[in-house]
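The values are calculated or read from the model by the stated rules, or taken from the named source; none is laboratory data. This is a predicted model, so every value here is computed, not measured. Here the Cβ is made from the backbone with ideal geometry for all residues, glycine too, and neighbour counts use every protein chain on show. The protein model used for the area step is the full one, side chains on, heavy atoms only, and it has no ligands, DNA or RNA in it. Shrake-Rupley method; radii C 1.70, N 1.55, O 1.52, S 1.80 Å.
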Amino acid sequence: MKSPLLSLPGAVPAEGRDEGVAAHYGDLFREQRALADGKGLVDLSHRGVVTVTGDDRLSWLHLLLTQHVSELPPGQATEALILSAHGHIEHALYLVDDGETVWAHVEPGTQEALIAYLESMKFFYRVEVADRTEDFAVVHLPAGSIAEVPDGVVVRETAYGRDVFLPRADLEAYAAQHGPVAGILAYEALRIEQHRPRVGFETDHRTIPHELGWIGSAVHLQKGCYRGQETVARVHNLGKPPRRLVFLHLDGSDVHLPAPGTPVRLAADGDEGRQLGFVTTSGRHHELGPIALALVKRNVPVDAELIAGDTAAAQETVVEP
């Protein structure tokens, strides 16, 4: 969905998976600094919004999700995954229950597939699943923000800030009152700095939660059965994941950032060396300079100097080998 905030002065549309909102509004680093200082907001209105209502909503979701949600208190934010039968990540849901309804925002364009799966699993449970994307827009308020949220509006409060499920009709007026508005590139740079993965960015068709550090934050190891649990338990108890997420400090002298999918190799072997992984997301940070997340083979030494394409990259451990 195309955001009305794209009509603001200086707005440059984002491309790819984040199409529909602004990449930036003319000054990427100024927008980042404002967010880091707890000011302004991020337009995430392109994300899907899904609700689950009914008396059985929490107990039913508990059977389907990787997270323990059967006793989720009202107002407490959490995140959860839906896995394939083989334990590969299919969806990430960013949840909160308001006492009557579970609200979740998901990656742009994935809500239809998610709802189709949820509908197929309803059976006799007293639940109703709805796509509310046309009616509600997600707005992110950074940590430290003192912006007020209208009465009755649902909020997910986390260590990184607040995700507000704002009526879509109120988006322009709210942004005018609580701006400045930051683009998705500023938000993404801070996400990379915080080592937070995204489905469709840090994942491919065979990614399992252990590789991205999602055990604990999105996967509860002490709950009952859900699809893909056997893989989660087996890797946790008996082995190690084949890959691990790393944070990369990139050589700031390069003009171009390595694109997602760019091969990662040992610096000593040069661009003819064996590929050890690939860049998943890259960005420009207002303090750290060029940075990226990458998936590499588990046995890559944690102190190894790497190259992303032809860009020198010093790694920082996110997931222990």
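Could you figure out which of (1) surrounded by 19 or more Cβ atoms within 10 Å (Cβ to Cβ); (2) outside any strand (DSSP E or B) isn't true of Glu148?
Condition (1) is where Glu148 drops out.
Could you please find all residues in the range 92-107 being over 17 Å from Asp56 (Cα atoms) and either crowded, with 21+ Cβ neighbours inside 10 Å or among the acidic types (Asp, Glu) (or both)?
Correct list: Ala92, Leu93, His105, Val106, Glu107.
Go through (1) polar (S, T, N, Q); (2) under 16 Å from the mean Cα position of the chain (by Cα); (3) crowded, with 23+ Cβ neighbours inside 10 Å one by one and return the number of the condition Thr78 breaks.
The single condition Thr78 does not satisfy is (3).
Can you confirm whether Thr133 is in contact with a Gly (Cβ under 6 Å, 6 or more places away or on another chain), among the hydroxyl-bearing types (Ser, Thr, Tyr) and on the phi < 0 side of the Ramachandran plot?
So Thr133 fits the description; yes.
Quick check, is His24 closer than 19 Å to Gly224 by Cα and either among the polar types (S, T, N, Q) or open to solvent by 10 Å² or more (accessible area, probe 1.4 Å) (or both)?
Answer is no for this residue.
When you scan the range 294-303, do you find a residue that is among the β-branched types (Val, Ile, Thr), open to solvent by less than 50 Å² (accessible area, probe 1.4 Å) and in contact with a Phe, Trp or Tyr (Cβ under 6 Å, 6 or more places away or on another chain), even just one?
No, the range 294-303 has no match at all.
Restricting the search to the range 248-291, which residues are part of a loop (DSSP other than H, G, I, E, B) and either in contact with a helix residue (DSSP H, G or I) (Cβ under 6 Å, 6 or more places away or on another chain) or within 24 Å of Gly200 (Cβ to Cβ) (or both)?
Listed by number, the residues that qualify are His256, Leu257, Pro258, Ala259, Pro260, Gly261, Thr262, Gln275, Leu276, His286, Leu288.
Between Gly213, Gly200, Gly179, which is in contact with an Asp or Glu (Cβ under 6 Å, 6 or more places away or on another chain), open to solvent by 20 Å² or more (accessible area, probe 1.4 Å) and either in contact (Cβ under 8 Å) with a residue 12 or more places away in the chain or under 24 Å from Ala23 (Cα atoms) (or both)?
Just one listed residue meets the conditions, Gly200.
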